[in-house]
Amino acid sequence: GRLELIQDLYFPSSCQRIKFSRDGMYLVASGVYKPQLKIYELNDLSLKQSRHLNCDTLQFQVPSH
């Protein structure tokens, strides 16, 4: 078997939610303390965007084209 890891898939405290884009190209994850939202591109298993937020994320939707 082959094991592939996503770079920087880490949150200091915990990850609360994970969702995939409809096309399966992206993974979006939210974490707490400090609240963050991270977007990963699955083709190259890398972090594409990371944003700190002012409050915890209760729910989110991944936009589609």
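The values are calculated or read from the model by the stated rules, or taken from the named source; none is laboratory data. Because the structure is a prediction, the values reported are computed rather than measured. Here Cβ is always computed from backbone atoms with ideal geometry, including for glycine, and neighbour counts include all displayed protein chains. Each accessible area value is taken on the protein alone, full model and side chains, heavy atoms only, with ligands, DNA and RNA left out. Shrake-Rupley method; radii C 1.70, N 1.55, O 1.52, S 1.80 Å.
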Determine the pairs where a residue that is farther than 22 Å from Gln59 by Cβ, located within segment 1-23, has a partner that is hydroxyl-bearing (Ser, Thr, Tyr) and open to solvent by 100 Å² or more (accessible area, probe 1.4 Å) with Cβ atoms under 7 Å apart, the partner being 6 or more residues away or on another chain. none
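Yes/no per residue for (1) among the charged types (D, E, K, R); (2) surrounded by 14 or more Cβ atoms within 10 Å (Cβ to Cβ); (3) part of a strand (DSSP E or B); (4) under 9 Å from the mean Cα position of the chain (by Cα):
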{"site": "Arg2", "(1), (2), (3), (4)": "yes, no, no, no"}
{"site": "Ile6", "(1), (2), (3), (4)": "no, yes, no, no"}
{"site": "Phe11", "(1), (2), (3), (4)": "no, yes, no, no"}
{"site": "Ser30", "(1), (2), (3), (4)": "no, yes, yes, yes"}
{"site": "Pro63", "(1), (2), (3), (4)": "no, no, no, no"}
Single unsatisfied condition, Gly24 versus (1) exposed (fewer than 11 other Cβ atoms within 10 Å of the Cβ); (2) on the phi < 0 side of the Ramachandran plot: (2)
Quick one: in segment 35-57, which of the residues that are open to solvent by 60 Å² or more (accessible area, probe 1.4 Å) and under 15 Å from Phe20 (Cβ atoms) is farthest from the chain's Cα centre (by Cα)? Asn43
